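To start, the structure itself, in structure tokens.
What follows is calculated from the coordinates using simple rules that are stated; it is not laboratory data. This one's a predicted model, so the numbers in the text were calculated from it and none came from an experiment. Cβ: placed from backbone, ideal geometry, glycine included. Neighbour counts: every protein chain shown.
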Amino acid sequence: MSVPEPEQQVDSLERILCAATLLFAEHGYHGVSTREIANAVGLNVATVSYHTGSKAELYRQVFERLYVREHDLVMRFAGYVEDEVVQDQQALRDLLMRLVDALIELTLESPEVPKLWVRRWLEREFQFDDIEAEYSLPLYEMVRDLLDRSRQAGTIRPSGPDARLFLISFTWILYGYFTGGPIPLNAARSDPFDPEQIAGFRIFLHDYVCRMLDL
């Protein structure tokens, strides 16, 4: 059996990861087989295993792939923030609002991501708890450190919400909106991707963050 060229390996792996992300998001880890993932990309199970290893290893690679992109985004806004910004309430507010907008845009580009995480959290059992430690916690820590610095500088109120609970709550609001949509006020189903709905949700998240942090 011939070994694929490096370019072919990268292309095949990306196709597998894209398909696996969509299927895990739709059905959860236990609801998807390696064969179904292979069928989705037109490959056989042996080829998928060659590129990704076991199903558990493939599941981990799905989150690792997403983490790289999310880490770059969060790092851009919260990784290396100058003291002048941390100590200036308006500058800090503008920075956090840009981060909120960037997270909304990222979710609009990849609506399967919130579904993937919510599916994971709602699974009956956690088989891969270290996924949170490796691919979720570092993102929270970057923002939490920024909030801690801002609290110490007096830019956000010292008696504000626990940073950990605030960030978890923000994530559930963001992901809950895109997985369930806004609550309809009539019999019609509200589309969370409708531009008017997105605009309203963006305003809500801005207001939520500012009120919670007293910005």
May I ask you to order 47-53, 66-72, 113-119 by the average number of other C-beta atoms within 10 Å around their residues, highest value first? 113-119, 47-53, 66-72
Within region 38-76, which residues have the backbone N less than 11 Å from the label spot 7 Å out from ALA91 along Cα→beta-carbon, could you tell me? none
Share of alpha-carbon pairs per 5 Å distance bin for the chain, given as whole %: 1, 6, 13, 16, 16, 14, 12, 9, 6, 4, 2, 1, 0
So what's the angle, to the nearest 10 degrees on a 0 to 90 scale, between helix 163-180 and the longest Cα principal axis of the chain? 60
Where is the GNM fluctuation largest for the chain (alpha-carbon springs, 10 angstrom cutoff): ALA25, ALA199, ALA78? ALA199
Which value, in debye to the nearest 20, gives the size of the charge dipole of region 77-174 about its Cα centre, when Lys and Arg are +1 and Asp and Glu are -1 at the Cβ? 400
Can you give the relative contact order of the chain as a percent, counting alpha carbon pairs under 8 Å and 6+ residues apart? 23
Projected label distance in nm at LEU108 and LEU137, using a 7 Å step from Cα toward the beta-carbon: 3.4
Going by alpha carbons, how many degrees (0 to 90, nearest 10) lie between the helix axis of 6-27 and the longest principal axis of the chain? 70
So, in Å, what gap is there between the alpha-carbon centers of region 139-214 and region 49-128? 14
